[in-house]
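The values are calculated or read from the model by the stated rules, or taken from the named source; none is laboratory data. Because the structure is predicted, anything quoted here is derived from the model rather than measured. Virtual Cβ from ideal backbone geometry, glycine too; neighbours counted across all protein chains shown.
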Amino acid sequence: MSTDAVHTPILSRTEQHVAAQLGDDATGHDIWHVLRVRDNALRIADAEGGDRFVIELAALLHDIADWKFHDGDDAVGPERAAAFLRDLDVAENTVAHVAQIIFEMPFRGAGVPNPISTLEGKIVQDADRLDAIGAIGIARTFAYGGAKGQPMHAPGAPPEQHDTFDAYRLGGRSTINHFHEKLLLLKDRMNTDEGRRLAEVRHGRMITFLEDFHEEWGKADFTHGR
Ligand code: ADP
Ligand code: NI
């Protein structure tokens with residue numbers, strides 16, 4: 001049997017499973033996010049190489065059990081992904097690689113290093129980060145903030161650069177702060193040349209948005225009005 005004949009049904013079963021799991025999420029982590037990450041990842045892989053089966057599986061499964069929705073437990077996602085793939089009889093080295101990528105990927109605070117071991121992981125992380133910035137990133141961030149009941153802007157609570165995962169996990173006092181605590185940092189943390197190139201464009205869109213936002217907010221921000 002050709003590789004495609006083996007891989008295609010596994011990929012479509014995975015996509016169906018993830019769609020069923022994430023279905024009606026309103027925090028910006030819905031199936032459309034996952035499909036955009038998959039497409040971004042395969043686009044970066046066109047330029048950078050890597051094992052496309054591993055890349056596509058990791059992209060599809062990367063958000064099935066995010067730590068933010070499991071009391072900060074970042075082991076649940078990799079474990080669920082691995083269990084799902086083992087049920088489909090995926091080779092153990094592929095299962096382990098996908099689980100490792102999902103564990104290594106998340107942003108854990110501005111001052112927390114997160115090295116990625118493999119090219120496939122670097123590509124999927126870049127793809128996820130691209131979907132966190134630019135026009136889509138802006139929309140997702142406000143969707144997340146709304147779902148969490150967080151104010152869109154809190155001028156009295158300035159952004160912080162978190163040095164530990166716990167500080168990052170428990171911090172975040174407004175959606176505008178999230179741009180400074182994470183989103184604006186991503187451009188300089190991309191792993192691949194192609195990811196960096198795509199990130200530059202999206203970064204510019206966030207800068208324009210933030211300038212417009214603060215211009216319209218104006219003197220209501222007491223730090224401007226003094
Ligand atoms: P990663 O996949 O790098 O771990 P996350 O899943 O933490 O990224 O975050 C994905 C997106 O969710 C962010 O890019 C942002 O849009 C939104 N988000 C996460 N935390 C916050 C927050 N505290 N305030 C606003 N949006 C947030
Ligand atoms: Ni994601």
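Worth pointing out:
- Candidates G134, G149, filtered to the one that is surrounded by 17 or more Cβ atoms within 10 Å (Cβ to Cβ) and either at pLDDT 85 or above or in contact with a helix residue (DSSP H, G or I) (Cβ under 7 Å, 6 or more places away or on another chain) (or both): G134
So that you can scan it fast, the table gives a plain yes or no per residue for (1) under 15 Å from the mean Cα position of the chain (by Cα); (2) near ligand 1 (Cβ under 10 Å from one of its atoms):
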| residue | (1), (2) |
| --- | --- |
| A75 | no, no |
| P78 | yes, no |
| A83 | no, no |
| I123 | yes, no |
| A139 | yes, yes |
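- Listed by first and then second residue, the pairs linking a residue in region 52-71 that is hydroxyl-bearing (S, T, Y) to a residue that is modelled with pLDDT under 95 and within 12 Å of ligand 1 (Cβ to nearest atom), with Cβ atoms under 6 Å apart and 6 or more places separating them unless they lie on different chains, form an empty list.
- N114 being of a type outside the set (D, E, K, R), in contact with a Leu (Cβ under 9 Å, 6 or more places away or on another chain), in a loop (DSSP other than H, G, I, E, B) and within 16 Å of ligand 2 (Cβ to nearest atom): no
- Residues of region 128-169 that turn out to be more than 22 Å from A26 (Cβ to Cβ) and not hydroxyl-bearing (S, T, Y), as a count: 12
- Single condition I123 does not satisfy, out of (1) modelled with pLDDT of 90 or more; (2) surrounded by fewer than 19 Cβ atoms within 10 Å (Cβ to Cβ): (2)
- Restricting region 137-146 to residues that are away from ligand 2 (no atom under 15 Å from the Cβ) and at pLDDT 95 or above leaves a set whose member that is surrounded by the fewest Cβ atoms within 10 Å (Cβ to Cβ) is F142.
- Residues that are of a type in the set (S, T, Y) and part of a helix (DSSP H, G or I), drawn from region 190-211: T208
Residue-by-condition table, conditions (1) within 13 Å of ligand 1 (Cβ to nearest atom); (2) surrounded by 20 or more Cβ atoms within 10 Å (Cβ to Cβ); (3) part of a helix (DSSP H, G or I):
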position	(1), (2), (3)
Q21	no, no, yes
D39	no, no, yes
D46	no, no, yes
A58	yes, yes, yes
D89	no, no, no
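- Output for region 117-169, where each listed residue is small (G, A, S) and outside any loop (DSSP other than H, G, I, E, B): G121, A127, G134, A135, G137, A139, A143, G145, G146, A147, A167
- Candidate set from region 152-180 (those that are among the β-branched types (V, I, T) and modelled with pLDDT of 80 or more); member that is farthest from ligand 1 (Cβ to nearest atom): I176
- Residue in region 64-83 that is touching a Phe, Trp or Tyr at 6+ places or on another chain (Cβ under 6 Å), in a helix (DSSP H, G or I) and surrounded by 16 or more Cβ atoms within 10 Å (Cβ to Cβ) present: yes
- Checking every residue in region 191-212 against the condition of being within 11 Å of ligand 1 (Cβ to nearest atom) and under 20 Å from D74 (Cβ atoms) gives zero matches.
- Residues in region 119-144 that are touching an Asp or Glu at 6+ places or on another chain (Cβ under 9 Å) and polar (S, T, N, Q): Q125 alone.
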